[in-house]
Amino acid sequence: MDEKTSVSDKTMTMVDKYNIESAEKLANEAQVLPIAEATPIYEQLLQLFPTAAKFWKQYVEAHMAVNNDDAIKQIFSRCLLNCLQVPLWRCYIRFIRKVNDKKGTEGQEETRKAFDFMLNYVGTDIASGPVWMEYISFLKSLPAVHAQEESHRMTVVRKVYQRAIITPTHHVEQLWKDYENFENSVSRQLAKGLISEYQPQYNSARAVYRERKKYFDEIDWNMLAVPPTGSHKEELQWMAWKKLLSFEKGNPQRIDTASSNKRVIFTYEQCLMYMYHYPDIWYDYATWHAKGGSIDAAIKVFQRSLKALPDSAMLRYAYAELEESRGAIQAAKKIYENLLGDGDNATALAHIQFIRFLRRTEGVEAARKYFLDARKSPTCTYHVYVAYASVAFCLDKDPKMAHNVFEAGLKRFMHEPVYILEYADFLTRLNDDQNIRALFERALSSLPLEDSVEVWKRFVQFEQTYGDLASMRKVEQRRKEAFGEDETAASESSLQDVVSRYSFMDLWPCSSNDLDNLSRQEWLAKNMNKKVEKSIMLNGMTLIDKGPIASISTTPSKVVYPDTSKMLIYDPKHNNPGTGAGTNAFDEILKATPATVVAFLANLPAVDGQSGKTGIPSQLPGGPAPATSELSGSNKSHPVQNGLSNKPTGRKQYGKRKELDRQEDDDTASVQSQPLPRDAFRIRQYQKARATSTSQTGSVSYGSALSGDLSGSTG
């Protein structure tokens, strides 16, 4: 008794009724209970999971264990056609064979009909191979007294074999071998012709099986049907079923249309065992039937879908649409009425769609009459008024009725900005500018400030489009004053106001950059007095520390910005402790340079005026360099902004073309920003570039780019 109470409590205290772990646990516990105690547990589980074939199988086997034939038949009648799973159907055939085992010829015939019934529903299943084998074995075991009966039995067996070998199943190859043996045992001469006739169909079935198996392997056949939660596993299963359905619809085996459609139907039915709570699967199934011309089958699918998902308005509208499209107006109307219920719990959308349906099917008066009733419903919102006014204006061509509807709604929904804007749009289409202005004035006088933003915006747009210059300026000023600007600032017109007045749709009197700048300037103007404290003048550039207004982004997320007040400007002339790193790196490069290259560089003429500030030696080791004469030329110095050194000097013997090429390189990037070179020639140039070019004898300037013509002597 305690155990029974414990299990019952568990069934009543399931927090999540679709909790799979709890359901599995209850099912396992029910297996060890007496059938009387297990029955309410199974019934509760199957009420939640009506397509769970494994629960049905456990339930029926529990009754089979106590030979409760009446209960078994009732259970099979409830589950077989909705659960097309081979293990459950094999359980059914075991029961049928057990019941008819001792009934002689009559029982054998009943069993044969049961096999045909089963294969008609699950014979195309990829796992139905054992069912075909069992049926063939049963047929071979039937007694045959006369030769005519034997011949008839062989004919029946042959037909079953021929159906089995063209069905893509796991056992198709084994069935083919059995069929060959069967034909050869009957007649070798006849077997050769029959085997050659069915060989291509068997090859096609085997090829399709291999392709089909790839899709079946992606499906979880132990999954329970639960409402979608958006989990990754559920999405994978949904995609796997979609792929399988698409594969079957393509008729990969190129069989006749009726057989192909039968396989698609079977696949949809199996899919719904696991995707039972997915409205899109139900809808696809119904529309597939409708496109194929099977309207009655589509209607049955919709009816089943509403039993599975009674709260799905989408499926109800789709079902009503199907009925209306085939001219069954009363059937469609009944669907809408069921959706509305008693009216108190109906949604505003249901009222609107029923009004439109009545206007389409029964005319103006029917729609008007229902609107008058719907407006009394507690679920009637401003949407219903807007929808019916649109119907009266656009379909009934009755602007007076539409105007009256909007006015009646205004008494109830003056606090709804969206309703005000819809009413304004309607008056705009009537070209009733006087009433539009009156509407805006009435609305703005009653709406709270936070709800009036869009109404003010529309009012300004209306005046900018249809008003004169004085009226648009006046409304713009009133809006500014309403949102907190002082009278003096509100009276001043900004360039933003000009842009707003003279834009149209996606056409603007300025570029996108100008628009961005104006928006930025407007924001800065509103916040210029908020902690803008200091500016730093460095090398002719101004850096402003904006503190908390460092960004004008209007995004609500919190963004962390760097503290620019702690930043230092890079100065290449500033000696810091890290300067010696360049010398060390240079020494490492010299160590890796071949001795012959070092000797060659050592014999190159030295550059006068080298400075040791940079930490790079002015002369490479390896021997004394030959003396060179001084270069005479311009002694002008050419300062570079931001503390950068002068342009690098050069030697006349390099040639004018090389000097010009090097000048272009130096002009495109600052010397200090270049990385340390790796080859010896560029090391030499790096030395020259790092030297400070002050006014001194022997300096040389790069042509007209700095100091006129290149001049000097090599002595």
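What trypsin sites (Lys or Arg not before Pro) does region 98-173 have in DSSP loop regions with at most 15 other beta carbons within 10 Å? Provide the component values of the computation, followed by the final result.
Numbers: sites: K98, K102, K103, R112, K113, K140, R153, R158, K159, R163; in loops: K102, K103.
When the trypsin sites (Lys or Arg not before Pro) of region 98-173 are filtered for loop state and at most 15 Cβ neighbours within 10 Å, K102, K103 remain.
Stretched out fully, how many nm does the piece from R153 to L190 gain, at 0.36 nm a residue minus the Cα gap?
Extra length from R153 to L190 when fully extended: 11.7 nm.
Mind grabbing the base-10 log of I(q)/I(0) for region 277-372 at q = 0.14, 0.26 Å⁻¹? Debye formula, identical points on the C-alpha positions, no solvent, two decimal places.
-0.52, -1.35
Subtract the Cα-Cα distance of V66 and A258 from 0.36 nm times their separation in residues, and report this length gain in nm to one decimal. Don't jump to the answer; show the numbers that get you there.
Working: separation 192, 0.36 × 192 = 69.12 nm, distance 4.21 nm.
64.9 nm is the gain from fully extending V66 to A258.
Which length gain, in nm to one decimal place, applies between D284 and E485 when the Cα-Cα distance is subtracted from 0.36 nm times their residue separation?
66.6 nm
Given the convex hull over the Cα atoms of region 20-218, what projected area results after averaging over all orientations, in nm²?
Average projection, Cα convex hull of region 20-218: 13.1 nm².
What pairs from K159/K192; K73/K307; K307/K333; K54/K262; K214/K243; K102/K159 go past 21 Å between their alpha carbons?
K73/K307; K54/K262; K102/K159, as the Cα separations exceed 21 Å there.
Name the residue from G193, L84, A38 whose Cα lies farthest towards the positive end of the charge dipole of region 20-218, charges +1 on Cβ of Lys and Arg and -1 on Cβ of Asp and Glu.
Looking along the dipole axis, the top candidate is G193.
Using a simple spin-label model with points 7 Å from Cα along the Cα→Cβ vector, what separation in nm is obtained for N203 and D217?
2.4
Can you give the FRET efficiency to the nearest 0.05 for K103 and S137, using r as the Cβ-Cβ distance and R₀ = 25 Å?
Efficiency computed from Cβ-Cβ geometry: 0.85.
All other residues with a Cβ under 14 Å from the Cβ of V186 taken together, and with Lys, Arg as +1 and Asp, Glu as -1, what is their net charge?
+2
Averaging over every viewing direction, what projected area does the convex hull of the Cα atoms of region 213-321 cover, in nm²?
Details: hull surface 28.3 nm².
Mean shadow area of the hull around the Cα atoms is 7.1 nm².
Spelling out what I want: for every residue of region 263-280, take phi, set θ = phi - 60°, compute 6.51 cos²θ - 1.76 cosθ + 1.60 (Karplus), and round to whole Hz; glycine and proline get x.
5, 5, 4, 4, 5, 4, 5, 5, 4, 5, 5, 10, 9, 4, 9, 9, x, 5
Could you calculate the FRET efficiency of D516 with S325 from 1/(1 + (r/R0)^6), where r is the beta carbon distance between them and R0 is 51 Å, rounded to 0.05? Each step should come with its number before you reach the end.
On the way: r = 51 Å, r/R0 = 1.00.
The formula returns an efficiency of 0.50 here.
Counting pairs of alpha carbon atoms under 8 Å apart in space and at least six apart in sequence, what relative contact order in percent does region 20-218 give? Write down the numbers at each step before the final one.
Details: 153 pairs, mean separation 25.1, N = 199.
Relative contact order, region 20-218: 13 percent.
State to the nearest 20 debye the size of the charge dipole of region 20-218 about its Cα centre, where the only charges are +1 on K and R beta carbons and -1 on D and E beta carbons.
Details: 26 positive and 25 negative charges, 119 e Å.
It comes to approximately 580 debye.
Simple spin-label model, 7 Å along Cα-to-Cβ: N28 to R94 in nm?
Those two pseudo-labels are separated by 2.1 nm.
Which ³J(HN,Hα) values in Hz, rounded to whole numbers, follow from the phi angles of region 334-340 under the Karplus curve 6.51 cos²θ - 1.76 cosθ + 1.60, where θ = phi - 60° and Gly and Pro get x?
3J(HN,Hα) across region 334-340, in whole Hz: 5, 5, 4, 5, 5, 5, 6.
Exactly which trypsin sites (Lys or Arg not before Pro) in region 347-381 are in a DSSP loop and have at most 10 other Cβ atoms within 10 Å?
Qualifying residues, ordered by number: K376.
So what J values fall out for region 105-120 if you push phi through Karplus, 6.51 cos²θ - 1.76 cosθ + 1.60 with θ = phi - 60°, rounded to Hz, Gly and Pro as x?
With coefficients 6.51, -1.76 and 1.60, one gets 4, 5, x, 5, 5, 5, 5, 4, 5, 5, 5, 4, 4, 5, 5, 5 Hz.
Throughout, read-outs are computed from the coordinates displayed, never taken from laboratory work. All values reported here derive from a predicted model rather than from experimental measurement. Neighbour counts run over all protein chains shown; Cβ positions are idealised from the backbone, glycine included.
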